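Remarks on the structure that follows.
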Amino acid sequence: MKKYIQNYIKETENKLTKEIKNKDIEEIKDKINFFSHERIVHMFIMLFCLLALLIFILLSLKNNMFLLPTIILFVLNIFYILHYYFLENAVQYLYKLYDKMNDKIK
């Protein structure tokens, strides 16, 4: 997904150097909707993983048997937060590109 969004952003930035058509505006609106949906789904999954981490932290305080799953969940959450951070910033950047396209078409 990361590569797909990066490629789409580059493609959209290249379109800004050319004439903008209404279909370009509609396309970026659709992509923003798709990426926003992806972002929301990842947010819920990330929150679920963080909740699981919290539960395992509490369990590992009682029993050392839960220490390994806690460490694994901690590492997983770090990468998940980084991925969500990328998604959030990419969608916000697409909002800015959409505004630039709208300004250019007027």
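The values are calculated or read from the model by the stated rules, or taken from the named source; none is laboratory data. All values reported here derive from a predicted model rather than from experimental measurement. No Cβ is skipped: glycine too gets one built from the backbone with ideal geometry, and neighbour counts run over all protein chains shown. Quick note on the areas: whole protein, heavy atoms, side chains included, nothing else; ligands and nucleic acids left out. Shrake-Rupley method; radii C 1.70, N 1.55, O 1.52, S 1.80 Å.
Some points to look at:
- Considering residues of region 15-29 that are exposed (fewer than 10 other Cβ atoms within 10 Å of the Cβ) and in a helix (DSSP H, G or I) only, the residue modelled with the highest pLDDT: Lys23
- Here His42 passes the criteria (1) at pLDDT 95 or above; (2) under 11 Å from the mean Cα position of the chain (by Cα) except the one numbered (1).
- Number of residues in region 51-95 that are open to solvent by 50 Å² or more (accessible area, probe 1.4 Å) and of a type in the set (S, T, N, Q): the value is 4.
- Boolean, Asn102 is more than 23 Å from the chain's Cα centre (by Cα), open to solvent by less than 70 Å² (accessible area, probe 1.4 Å) and at negative phi: yes
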